[in-house]
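Notes follow once the structure below has been shown.
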Amino acid sequence: GDYNTKIDYVFKVVLIGDSAVGKTQLLGRFARNEFKVDSKATIGVEFQTKTLIIDNKTVKAQIWDTAGQERYRAVTSAYYRGAVGAMLVYDMTKRQSFDHMARWLEELRSHADKNIVIMLIGNKCDLSYLRAVPMEDAEEFAQRENLFFMETSALEATNVETCFLTILTEIYRIN
Ligand code: GDP
Ligand code: MG
């Protein structure tokens, strides 16, 4: 049973980005392989965990989700405390959510450890016919700021497992 599994590492990863970009659905997809069609704005839940094996080690990913604190500067420093990874999420159909990535990144860097691993995520790639953010813009920003970058769909489960695995593997590698 799960109760006697030895955990080698616990990695805290925080989700940040504007409201409605799909942070909660990405987490639901990763942690429970679930997408809630009628989901309401997040209330209460602080984090979800998923245990996985990386390099023969048991890694517990503790993924934190904002609970309606997405207004500028409303996320408290407690949210960032101890984080070894961060997912900066925008909605690829909403240009503004991408334009806000710079200030989310600035806020993150002002709170977090300097070795934090950061991944930029363009979510809702199932809606690519409504694309408002060219992939090159995101790639250029990611390269300049030294971030990993991936486009995902929580709805269709595209790249969700991959992006979490990528960030967790890099966290494992440098820690
Ligand atoms: P949050 O505020 O960032 O946590 O965003 P939510 O996870 O609550 O999602 C906001 C809205 O976007 C909801 O209506 C979701 O169903 C929808 N959504 C989230 N991810 C996707 C996706 O990958 N594709 C599509 N088409 N809709 C999504
Ligand atoms: Mg949410």
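Worth pointing out:
- Accessible surface of the stretch 41-175, 1.4 Å probe: 48 percent of it comes from carbon and sulfur atoms.
- Restriction of the trypsin sites (Lys or Arg not before Pro) in the stretch 77-175 to DSSP coil positions whose beta-carbon has at most 16 other beta-carbons within 10 angstrom yields R81, K114, R131.
- One Cα centroid belongs to the stretch 123-175, the other to the stretch 57-88; the line between them spans 17 Å.
- Cross-link table K36/K114; K57/K94; K12/K57, entries beyond 28 Å C-alpha to C-alpha: K36/K114; K57/K94
- For the stretch 1-140, the solvent-accessible area works out to 53 Å² per residue, with a probe of 1.4 Å and every protein chain left in place.
- Positive minus negative residues near I7 (Lys, Arg vs Asp, Glu; Cβ under 10 Å): +2
- About the Cα centre, charge dipole magnitude for the chain (Lys/Arg +1, Asp/Glu -1 at Cβ), debye: 500
- DSSP-assigned coil residues among chymotrypsin sites (Phe, Trp or Tyr not before Pro) in the stretch 71-138, each with at most 10 further Cβ atoms within 10 Å: Y72
- Counted charge near A86, where neighbours are those whose Cβ lies closer than 15 Å (Asp, Glu -1; Lys, Arg +1): -2
- The chain pair-distance distribution - Cα-Cα, 5 Å bins, rounded %: 1, 8, 18, 22, 22, 16, 8, 3, 1, 0
- Extension gain from T58 to T162, taking 0.36 nm per residue of separation minus the Cα-Cα distance: 35.7 nm
- In the chain, the DSSP beta bridges split such that about 30 percent are antiparallel, to the nearest 5.
- Angle in degrees between helix 23-32 and the longest Cα principal axis of the chain, rounded to the nearest 10: 30
The values are calculated or read from the model by the stated rules, or taken from the named source; none is laboratory data. Computed from a predicted model, the values in this text were never measured in an experiment. A quick note on method: Cβ atoms are made from the backbone with ideal geometry, for glycine too, and the neighbour counts reach across all protein chains shown. Calculation scope for accessible area: heavy atoms of the full protein, side chains included, ligands and nucleic acids excluded. Shrake-Rupley method; radii C 1.70, N 1.55, O 1.52, S 1.80 Å.
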